[in-house]
Amino acid sequence: QFNRAVDLVQSLPKSGPVQTSYEEKLQLYSLYKQATDGDNAAPRPGMLDMLGRAKWDSWAKQKGLSKRDAKALYVGALLKV
């Protein structure tokens, strides 16, 4: 289910009938990163990289979440969209 959900999200057009909010995109991003890479060990981006910091912060909030649970939450988050 997770791989199909990822494929679906990646195939969505930027402007189409299904639009996700900024917060939803960050949540999906952070759950994807946690599901595929595990806990965030990268250094936090600099102050001028606002998007990078937002993505880093969102992923860091998932610390300790297992890859299996992150995959399930990713699918659940997509279904809510």
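Every read-out reported here was derived from the displayed coordinates using simple, explicitly stated rules and does not represent laboratory data. All of these numbers come straight from a predicted model, not from anything done at the bench. All Cβ positions, glycine included, derive from the backbone under ideal geometry; neighbour counts span all protein chains shown.
Among the residues of segment 17-29, is there at least one that is within 11 Å of residue 59 (Cβ to Cβ), buried (at least 18 other Cβ atoms within 10 Å of the Cβ), of a type in the set (Ser, Thr, Tyr) and under 8 Å from the mean Cα position of the chain (by Cα)?
Checking segment 17-29: not a single residue is within 11 Å of residue 59 (Cβ to Cβ), buried (at least 18 other Cβ atoms within 10 Å of the Cβ), of a type in the set (Ser, Thr, Tyr) and under 8 Å from the mean Cα position of the chain (by Cα).
Right, residue 45: surrounded by fewer than 12 Cβ atoms within 10 Å (Cβ to Cβ) and either of a type outside the set (D, E, K, R) or in contact with a His (Cβ under 9 Å, 6 or more places away or on another chain) (or both) or not?
So residue 45 does not fit the description; no.
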